[in-house]
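Below is one structure, written out as structure tokens, with a few remarks after it.
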Amino acid sequence: MTDKPENQTYSNHNLNIVLSRKSSSRSSSSSNASSSSARFPTEIRNIDSYSSNLTALCSTSEYNTDLTEATPLIKKDENKNQKPTKQSKAKLIKTSCSLALYSVPAVILGLILTILDAATYGIIVFPVADYIPDSATQAGISMFLSSTFVSQLIYTFGSEFKGVNGSMMIEVMPFLHLMCSTIVNMIPEASDEAKMSNIMLVYAVSTLLTGIIFLIIGFFKLGNIISFFPRHILIGCIGGIGVFLFVTGIKVTSRVTAGLGNYDDLLKLFEPKILMLWSSSLILAISLKCIQKKIKHPLFVPCFYSSVNIETLRLSGWLFSLPKNNGEVPFYTYWTYFDFSLIDVEAFFACVPTILALTFFGILHVPINVPALSVSTNQQVNINTEIVMHGFSNLFSGLIGSCQNYLVYTNSVLFFRSGGDSRIAGFLLTVAVGICFFYASSVILFVPVIVVGSLIFHLAIDLMIESLYDTWSSEVSNLEYLTILVIVITMTGFTEGIVAGILMACVLFVYNYSQRSVITEVTDGGEMRSTIHRPYKQQKYLDLVGSQVKILSLRGFLFFGTINQVDSYVRNHYSTEGFPYKYLVVDFSLIETVDLSAIEILKNLNIWLNDLGVKLLIVSGGGSGKEKLIHALDSNDNIEAGDAFNHFTTLEEALRFTEAELLEIYFQNLKKIEEQKKSVPASPSRDITHSKTSNDLKKKDFFNDDTTHFSPRTKIITNSAKEVLENYDDECEELAGDKEVEFKFLFDTFYLILKENQNLTRDEIYPIINSWYQYFEKVKFSKGVELWKKGYCLTIFISNFLTIDVSSDTSEVLYIVESGQLSKVNNNRIIESLFTGTMVGELCFFTEQPRTCSLVVSEDSVLWKMRKADYEKMILESPKHAVNFTRMALTFDAERMYTIVNRNY
């Protein structure tokens, strides 16, 4: 069978090509009926050229798209192991030639752009100065083209992009001129040859260093890190370069070799002859900007400058002056400037700061250009691979004595959209640039000064608009714009400008980060509790006194710019609310790092709180970045004994500490009740009403104690203890033997829950608890016993005498802790501790769901156990009391779930 023809539409460089492809499958009856070769399109519409069709064909995933490899244009999966035939070789040659012809327009465009850039920026590789030789203009163009040739060659065969353009980095010109000025100032009496030798050395070394840095970043895959460098610093540098190019454009067109820093030099610019030279270029550049508002085609700028007429006289300054030998300057001239015997070491090291600044600035373009080009051309690339290629291109450029280079985004997009989306096109452009390199000296002789000057002014205006105007109306903040403005102003010394930008960025970071609150959450002990599951009465008491524990959760970086938030919050709220809490817990678990200033302020805050009777509890959370904090907390150097830090590793430890101290007052009050109870004779009557009256007499004096002399915090805690203990009732019917003691424990555990949550009276509660008593069994376990495991269980009842328990886990039982300690364990971590008066296992007991964690005996324990069979028996014998028990047990679970939810939140 033959599949239906499948139509595919390709859009490639404004050409709509519709390919109709038929694919056939193998048939068992005729093995030769179908060909394993991929078929070329059988129907091609809108044919402008055969090469266009081949380009569209090669863009599909079914065909080999890398035409630089010696493989036939066939389906990879079907002819993987076939040897190339004469026919396939012929097709390859024909395809390559067609693709090369198709790439010619893009190559011509790329060459024009390169020549324009070389003529414009190659002539300013060296500043306009008396010590610069006449051949420097042509030599600068040769350096520009050699750097461009190296980058184009490496990017063509090494980059993951297809159809990428490389060029010498024009943004480095200000740094190059600054290094020239530094050398001249260091060796003013040296010969012009010595100055040029030193200049060429620092040029080459700066390029080599840039390449080495790129290789290090790429090999260690740090490409994404440099992407996070503050963008507004780069924008400020671009604006500074725009100002530099504007001044350079005036110098190039006016031929003024002196600086423009004094009044006499400025007056000279307005002499009629000189004014006409530079003003005509400026007017031409402004005219171009105005026309560009109407004509936005990317080819407009090259066409505009190609139309400028070359009819002016060289003697009038409208063409560049001819050097000696009638303008014949060999391509290797700039290599003759090197003379290592004339190198001045002091002058070289004086340029090191500028070299470092140039290297730093050079690496910032790649993380901008590469992602932008990837989006524009729809090609996915690895930024680290591109950085490595930039490293090699700059390394080789430095070895041949040239300047930095990089991937040019604008030229690459134009090249790609004009048909240069293949490695063949990139290779052809490389060859063209190489040929141009040998004849560079002839190019500049016939380019009018007005063209070069207007191009420089055009770029200068573009950069200044991008830096100063576009950012004004964008989302850049006022402080960021101020940073850009400062960099532009201070970029008269480019190293100083970058340093000023980095310093302002640091200040801006500190300011912006200090405006973000490091206090992420403020809670108290009533909302945030430890994982200890305590008896209901103690939990009730801790709920009432929870406001005595204030918890601050911090996050981010705690340094001199943010620690004041914590200090101000504590002091202001404490002064406003009077004496609101007894414990202040500051949780540093989510803090990344703490500096020395923050530790000093914490020490002062701790002393201030101690004077007010408040304990400061620091939760370090451990981890890297907080070693200084942990050392200060543990050592307590230069701190008096009363002002020492209370340091805890986890928030759980701090919460347990506060709860333990708060419960001390609770137990002290409970002890008073016990002592007063002994002072009143017990009633021999078994009447419950009489027992209640007797119990009231025992507690009367205690609850009438005067607390007016207590401090506000102590009064809150004491009154909370009294409120809970007012409901304390330890009377029950006298039962024979040890049963009275056992019954008393269950009564104490359940009484307050039933009274508050089910609105039952004491007379109703007593018979309910008494009925539950018979369904419990008292058991003992030694430390280390695992009562159940996490997960499912399967218990099989074969007969009344034989039971098979497949797993040690069981959902058939719940426990109440009378003494000792149990621990819930999940993934080898204790998630909850249970003490006297707590119930465990009730949720799975009722729902018959698998255990969510394991239960381990942490200390020798006495437990009360209820089996599922006993509970079902209770339902049959006393259904109303069974309902009361279920509600009471779920109340235990609700209290525990409330604590867990708050901790997770």
For the subset of segment 125-137 comprising residues that are crowded, with 24+ Cβ neighbours inside 10 Å and modelled with pLDDT of 85 or more, which member is nearest to GLY426 (Cα to Cα)? VAL125
When only residues in segment 372-381 that are in a helix (DSSP H, G or I) and modelled with pLDDT of 80 or more count, which is nearest to GLU496 (Cα to Cα)? LEU373
List the residue pairs whose Cβ atoms are under 6 Å apart, where the first residue sits in segment 842-863 and is farther than 25 Å from TYR773 by Cβ, the second is buried (at least 19 other Cβ atoms within 10 Å of the Cβ) and acidic (Asp, Glu), and the two are 6 or more positions apart or on different chains. ARG851/ASP809
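Among the candidates LEU73, LEU101, LEU92, single out the residue that is assigned to a helix (DSSP H, G or I) and either open to solvent by less than 20 Å² (accessible area, probe 1.4 Å) or modelled with pLDDT of 85 or more (or both). Walk me through it before giving the result.
Details: LEU73 fails: assigned to a helix (DSSP H, G or I); LEU92 fails: either open to solvent by less than 20 Å² (accessible area, probe 1.4 Å) or modelled with pLDDT of 85 or more (or both).
Just a single option satisfies the conditions, and that option is LEU101.
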Determine which single condition THR148 fails, assuming it passes every other condition in (1) surrounded by fewer than 24 Cβ atoms within 10 Å (Cβ to Cβ); (2) assigned to a helix (DSSP H, G or I). (1)
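Quick check on GLU193: is it surrounded by fewer than 21 Cβ atoms within 10 Å (Cβ to Cβ) and within 30 Å of THR377 (Cβ to Cβ)?
no
For the structure I just gave you, tell me whether GLY249 is modelled with pLDDT of 80 or more, part of a helix (DSSP H, G or I) and surrounded by 15 or more Cβ atoms within 10 Å (Cβ to Cβ). Let's see the steps before the verdict.
Details: modelled with pLDDT of 80 or more: no; part of a helix (DSSP H, G or I): yes; surrounded by 15 or more Cβ atoms within 10 Å (Cβ to Cβ): yes.
Against the criterion (modelled with pLDDT of 80 or more, part of a helix (DSSP H, G or I) and surrounded by 15 or more Cβ atoms within 10 Å (Cβ to Cβ)), GLY249 does not qualify.
Restrict the check to segment 586-601 and report whether at least one residue is among the small types (Gly, Ala, Ser) and part of a helix (DSSP H, G or I).
Going through segment 586-601, the residues among the small types (Gly, Ala, Ser) turn out to be 589, 597-598.
With the extra rule that they be part of a helix (DSSP H, G or I), the set shrinks to 597-598.
The answer is yes, given that some residue of segment 586-601 is among the small types (Gly, Ala, Ser) and part of a helix (DSSP H, G or I).
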Does GLY140 fit the bill of being touching a Gly at 6+ places or on another chain (Cβ under 6 Å) and under 20 Å from SER402 (Cβ atoms)? yes
For LEU787, work out the one condition from (1) surrounded by 14 or more Cβ atoms within 10 Å (Cβ to Cβ); (2) modelled with pLDDT under 80; (3) not in a helix (DSSP H, G or I) it doesn't fulfil. (2)
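Based on what the data block shows, is PHE331 touching a residue at least 60 places away in the same chain (Cβ under 8 Å), open to solvent by 60 Å² or more (accessible area, probe 1.4 Å) and over 42 Å from the mean Cα position of the chain (by Cα)?
Details: touching a residue at least 60 places away in the same chain (Cβ under 8 Å): yes; open to solvent by 60 Å² or more (accessible area, probe 1.4 Å): no; over 42 Å from the mean Cα position of the chain (by Cα): yes.
So PHE331 fails the test.
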Kindly check whether there is at least one residue in segment 217-227 that is among the β-branched types (Val, Ile, Thr), in contact with a Pro (Cβ under 8 Å, 6 or more places away or on another chain) and over 21 Å from ILE400 (Cβ atoms). yes
Looking at (1) in a loop (DSSP other than H, G, I, E, B); (2) surrounded by fewer than 23 Cβ atoms within 10 Å (Cβ to Cβ), find the lone condition where ILE213 falls short. (1)
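The values are calculated or read from the model by the stated rules, or taken from the named source; none is laboratory data. Just so you know, these numbers come straight off a predicted model, no measurement behind them. Here the Cβ is made from the backbone with ideal geometry for all residues, glycine too, and neighbour counts use every protein chain on show. Ligands, DNA and RNA are excluded from the accessible area calculation, which covers all protein heavy atoms including side chains. Shrake-Rupley method; radii C 1.70, N 1.55, O 1.52, S 1.80 Å.
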